[in-house]
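Since the structure comes first, as structure tokens, the remarks are kept for the end.
The values are calculated or read from the model by the stated rules, or taken from the named source; none is laboratory data. Bear in mind that the values here come from a model prediction, so they are computed numbers and not experimental data. Because the Cβ atoms are built from the backbone with ideal geometry, glycine has one as well, and the counts that use them run over all protein chains shown. We work out accessible area using only protein heavy atoms, side chains counted, and drop any ligands, DNA or RNA first. Shrake-Rupley method; radii C 1.70, N 1.55, O 1.52, S 1.80 Å.
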Amino acid sequence: MLPRGQFDIGEMPRFGLTQFANRFPVQTQNPEIQISGDVAQNLTIMNELSRLPMSSIVADFHCVTTWSSIDLKWEGILFKDVFERLIEPLAKPQKEAQFVILKAQDGARTSLPLSDLLKKNVILATRLNDEPLSETHGAPVRLVAPDHYGYKNLKHLNRLSFHVENPGYRPSGFRFMEHPRARVAHEERGQFFPGWLLRHAYRPLIRPTIKLFERATKRRSKEHS
Ligand SMILES: Nc1nc2c(c(=O)[nH]1)N[C@H]1C(S)=C(S)[C@@H](COP(=O)(O)O)O[C@H]1N2
Ligand SMILES: [Mo]
């Protein structure tokens, strides 16, 4: 059964805030993630990723605007493994640095508490449904945190920063649209307004947003052919 307020849209569309429809990653081949913030040592993670064990999860994906895509198979490296095997020993974040900011090649950004990222179903995915992750769905690497709404699942991930306190970072969209945790099970769609209200406000935006992203993707592939 789908969580409250969600419906099954079938195949996963390319989606996001409208300002990202025409922004694309510069680099889609090799994952490269910068680690910074309240750490002893800044760090760039690249080839090290391929030395960590691959994991896979099967999960449903829930966009805050109420569409869901079910039974997606993601493969990659658990965030927990990356944190424990690379980030902790090499970058040495301060113990109190529990506020994590995630940034992407297209300029999108979001945040999550470290404790949410360390759950066993949070993965830095490089494959979707037995194929390499496409540019559409976040190449070369995206975060997948299925217990959290889609906007926490950053595509084209290229920076993680760890902070003792929120350093005044601003989310991609309006503040009311970004809940600090955005847990699907609690319908934490945003801040200040209840989930059920945002549900109704967002639903009419789905079709036009999908169209906008489709047009942008078509234009992009023409330019690249
Ligand atoms: N870099 C980046 N990540 C992003 C977005 C985006 O526009 N840019 N949109 C978010 C939103 S709102 C959703 S619902 C999902 C959509 O993922 P999809 O395009 O693979 O369906 O990505 C999320 N991650
Ligand atoms: Mo979304």
Within the range 67-96, can you find the residues that are more than 13 Å from ligand 1 (Cβ to nearest atom) and under 15 Å from LEU143 (Cα atoms)?
-> LYS73, GLU75, GLY76, ILE77, LEU78, PHE79, LYS80, ASP81, VAL82, PHE83
Given (1) near ligand 1 (Cβ under 8 Å from one of its atoms); (2) part of a strand (DSSP E or B); (3) of a type in the set (Val, Ile, Thr), index of the condition THR126 fails = (1)
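Mind checking which residues of the range 85-96 are open to solvent by 90 Å² or more (accessible area, probe 1.4 Å) and either among the acidic types (Asp, Glu) or outside any loop (DSSP other than H, G, I, E, B) (or both)? Explain how you work it out, then say what you get.
Restricting attention to the range 85-96, the residues satisfying the condition of being open to solvent by 90 Å² or more (accessible area, probe 1.4 Å) are 85, 92, 94-96.
Of everything in the range 85-96, those that are open to solvent by 90 Å² or more (accessible area, probe 1.4 Å) and either among the acidic types (Asp, Glu) or outside any loop (DSSP other than H, G, I, E, B) (or both) turn out to be ARG85, GLU96.
Any residue in the range 143-156 that is closer than 20 Å to ASN30 by Cα and polar (S, T, N, Q)? So that I can check it myself, show each step before the final result.
The initial filter retains those residues of the range 143-156 that are closer than 20 Å to ASN30 by Cα, namely 143-144, 153-156.
From what's left, polar (S, T, N, Q): 153.
Yes, because at least one residue in the range 143-156 is closer than 20 Å to ASN30 by Cα and polar (S, T, N, Q).
Scan ALA185, ALA139 and give me the residue that is surrounded by fewer than 19 Cβ atoms within 10 Å (Cβ to Cβ) and not basic (Lys, Arg).
On the way: ALA139 fails: surrounded by fewer than 19 Cβ atoms within 10 Å (Cβ to Cβ).
Selected residue: ALA185, the only one of ALA185, ALA139 that is surrounded by fewer than 19 Cβ atoms within 10 Å (Cβ to Cβ) and not basic (Lys, Arg).
Here are ASP116, ASP147, ASP106, ASP130: which of them is over 25 Å from PHE213 (Cβ atoms) and acidic (Asp, Glu)? Steps first, answer last, please.
Values: ASP147 fails: over 25 Å from PHE213 (Cβ atoms); ASP106 fails: over 25 Å from PHE213 (Cβ atoms); ASP130 fails: over 25 Å from PHE213 (Cβ atoms).
None of the others qualify; the one that does is ASP116.
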Within the range 14-39, the count of residues that are crowded, with 18+ Cβ neighbours inside 10 Å and within 16 Å of ligand 2 (Cβ to nearest atom) comes to 5
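For the structure I just gave you, tell me whether PHE99 is among the hydrophobic types (A, V, I, L, M, F, W, C), more than 15 Å from ligand 1 (Cβ to nearest atom), open to solvent by 20 Å² or more (accessible area, probe 1.4 Å) and under 18 Å from the mean Cα position of the chain (by Cα).
Values: among the hydrophobic types (A, V, I, L, M, F, W, C): yes; more than 15 Å from ligand 1 (Cβ to nearest atom): yes; open to solvent by 20 Å² or more (accessible area, probe 1.4 Å): yes; under 18 Å from the mean Cα position of the chain (by Cα): yes.
It is true that PHE99 is among the hydrophobic types (A, V, I, L, M, F, W, C), more than 15 Å from ligand 1 (Cβ to nearest atom), open to solvent by 20 Å² or more (accessible area, probe 1.4 Å) and under 18 Å from the mean Cα position of the chain (by Cα).
Within the range 146-188, count every residue that is part of a helix (DSSP H, G or I) and either within 11 Å of ligand 1 (Cβ to nearest atom) or more than 22 Å from CYS63 (Cα to Cα) (or both). Spell out the reasoning first.
Taking the range 146-188 as the starting set, the residues that turn out to be part of a helix (DSSP H, G or I) are 150-152, 175-177, 184-186.
Now drop any that are not either within 11 Å of ligand 1 (Cβ to nearest atom) or more than 22 Å from CYS63 (Cα to Cα) (or both), which leaves 150-152, 177.
Count: 4.
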Going by the structure shown, is PHE176 in contact with a Pro (Cβ under 6 Å, 6 or more places away or on another chain) and over 22 Å from MET12 (Cβ atoms)?
-> no
Matching residues in the range 210-225 - criterion: being open to solvent by less than 100 Å² (accessible area, probe 1.4 Å) and either under 17 Å from GLN6 (Cα atoms) or not in a helix (DSSP H, G or I) (or both) | ILE210
Quick one: how many residues across the range 142-179 are within 13 Å of ligand 2 (Cβ to nearest atom), touching a residue at least 40 places away in the same chain (Cβ under 8 Å) and open to solvent by 30 Å² or more (accessible area, probe 1.4 Å)?
-> 3
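What is the residue count in the range 50-71 for residues that are in a strand (DSSP E or B) and either open to solvent by less than 10 Å² (accessible area, probe 1.4 Å) or more than 10 Å from ligand 2 (Cβ to nearest atom) (or both)? Give the steps one after another, and end with the answer.
Within the range 50-71, the first condition is being in a strand (DSSP E or B), and the residues that meet it are 55-62, 67-71.
With either open to solvent by less than 10 Å² (accessible area, probe 1.4 Å) or more than 10 Å from ligand 2 (Cβ to nearest atom) (or both) added as a condition, the list becomes 55-60, 67-71.
Looking only at that region, the number is 11.
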Please go through the range 87-107 and pick out each residue that is out of contact with any Phe, Trp or Tyr (no Cβ under 8 Å at 6 or more places or on another chain) and on the phi > 0 side of the Ramachandran plot.
-> LYS92
